[in-house]
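S.K.: Here it is: the structure, laid out below.
Nothing in this text is a laboratory measurement; each read-out follows from the coordinates by a stated rule. A quick note: this is a predicted structure, and the numbers were derived from the prediction, not measured. So basically every Cβ, Gly included, is an ideal-geometry build from the backbone, and we count neighbours across all protein chains shown.
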Amino acid sequence: MKHLQKIGYSPKDILSQCLIQLNYRYILVVIMCFLFSGCPFQSLEKDLAFIRNTARLQGTIVNPSPHQKPIIVLAYQLFESDKKLVTYSVQHRPGTFTFIRSPGRYLIAAFEDANEDWAYQPTEYAGYVGNGSIITVKPGEDIVHLDLTLKHPEEVTLAEAPDLASPAIKAQLDFSKIQAGEIVAIGDLRFSQKNGKQGLWEPVQFLREVGGGVFFLEPFDPQKIPVVFVHGAGGNPSEWSSLIDHLDRTRYQPWVFYYPSGLRLNLCAEFLVKTLRKVLVGNTLNNEKIVVIAHSMGGLVSRSLVNMIVEKDVEQKIRVLFLTISTPWGGHEAAQMGVDYAPAVIPSWIDMIPNSPYQQALFQTPLSSQIDYYLFFGFKGGRNPFTGGNDDGTVSLASQLKPEAQDAALKTIGFNEDHVSILRSPSVAEKFVTLLTTFANRE
């Protein structure tokens, strides 16, 4: 450096020369660390190793029962001298089930919960995948077409009869901290910034240590319309405090979704769907209406949920008010940098690459007349360093206002707020309350 000063270079020139000589890849990694508030790549790599070792088990269930009640799918892992229930899912209608499992030997069974008591009785329709054959899971090798048709009670009896309402059964399940309807305060210690960031950087550890799921802020009331709040990348439910304070709690009940935002977005969406299914078993909505409001990346996750409502099995008759705020419908350029240059890649970055296959698939399912969609965006930012266009301080306007998203919206509304302040904006709250009132009063 002294040599450069002697031949006439200023300190600013010297800094520029040093930056030019640095490896460009590592400069971008430093940028990514600033963008995502920390650089715990070693912890991330441990979670990625676990994820790479897992496999997807997927199949379709057919139910000839005249009752058409919820179906509970059970996954048992077989050990040398033991068989253990490790996870389950709830299907409100016949359709596709999915499990993500580690290598091992498994047995998959299912039954129709005719009396909706979360326990199997011999009088209920039931069955096994492959008539009870063992399914061997190998690292990273998905197994699909695990199809199953439930049989009349006189034709089959399950050897397994778990009582899923039992705390003892729930405690032995993988990721037993996942909740579906636990009543909490919005200030619950689990809803901390630290835990939200862990969900991004260590999604598997988040599931083990924090759990997540769908939480209630008050006891369930079938007369009140649920409002499901979905946070974005690295976020947590407490970020919704301001908008929740504006809810008329005599008409609406707030539910908050807490999830590991570092997972692939289709898995985040499946996590939301599964926990909502569990919530709705035995909790009938008399008004047949639900509100889904999402911030940032949470909008991409929620659109998958809404698509599933349109396509298949959550109750077609339910009417939905769908509202997204500052959602990067066209992805984020920083995600591309992370995938290209970071030492370890957060899985959700793959789906956040501009115009990724995940984003493109979202708009292949048109919204039905049962869904009222509104798009909120913020424009209090500056010039986006990646696109050269304007942004809200985090997401470009081009991404927030992707044409396909605008085409699907009944109305697109802009606010002079940045990516964070928009959740605390009085103007946003006022418009939100107006939309809620109109939706609630609709026949």
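S.K.: At 0.36 nm per residue, minus the direct Cα-Cα distance, what do ASN53 and ASP142 gain on full extension? Give it in nm, one decimal, please.
M.R.: Answer, rounded to one decimal: 31.0 nm.
S.K.: Here's a follow-up. State the number of lysine pairs found in region 239-395 whose Cα atoms come within less than 27 Å, restricting to pairs 8 or more positions apart or on distinct chains.
M.R.: Number of lysine pairs found: 8.
S.K.: Any idea what the dipole of region 225-293 comes to, in debye rounded to 20, about its Cα centre with Lys/Arg Cβ at +1 and Asp/Glu Cβ at -1?
M.R.: 240 debye
S.K.: Find how much the distance from ASP407 to GLU443 grows on full extension, using 0.36 nm per residue of separation minus their present alpha carbon separation; answer in nm with one decimal.
M.R.: Values: separation 36, 0.36 × 36 = 12.96 nm, distance 2.48 nm.
Full-extension gain reported as 10.5 nm.
S.K.: So which chymotrypsin sites (Phe, Trp or Tyr not before Pro) in region 46-124 are both in a DSSP loop and have at most 16 other Cβ atoms within 10 Å of their Cβ?
M.R.: PHE79
S.K.: Determine one quarter of the surface area of the Cα convex hull of region 292-443, which equals its mean projected area, and express it in nm² to one decimal.
M.R.: Seen from a random direction, the Cα hull of region 292-443 projects 9.4 nm² on average.
S.K.: Among the aspartates and glutamates, which fall within straight-line cross-link reach of LYS83, defined as a Cα-Cα distance under 13 Å, with same-chain neighbours fewer than 8 residues apart omitted?
M.R.: Here the aspartates and glutamates satisfying the reach criterion relative to LYS83 are GLU160.
S.K.: Explain nothing, just the number: dipole magnitude of region 177-334 about its Cα centre with +1 on each Lys and Arg Cβ and -1 on each Asp and Glu Cβ, in debye rounded to the nearest 20.
M.R.: Dipole about the Cα centre, nearest 20: 200 debye.
S.K.: Still on this model: Please give the length that would be gained between ASN283 and LYS83 if that part of the chain were fully extended, namely 0.36 nm times their separation in residues minus their C-alpha to C-alpha distance (nm, one decimal).
M.R.: Result: 68.9 nm gained on full extension.
S.K.: Something else now. Please give the net charge around ASP113, taking every other residue with its beta carbon less than 10 angstrom from that of ASP113, where Lys and Arg add +1 and Asp and Glu add -1. Mind dumping the intermediate values first?
M.R.: Working: positive: LYS69; negative: GLU112, GLU116, ASP117, GLU124.
Here the charged neighbours net out to -3.
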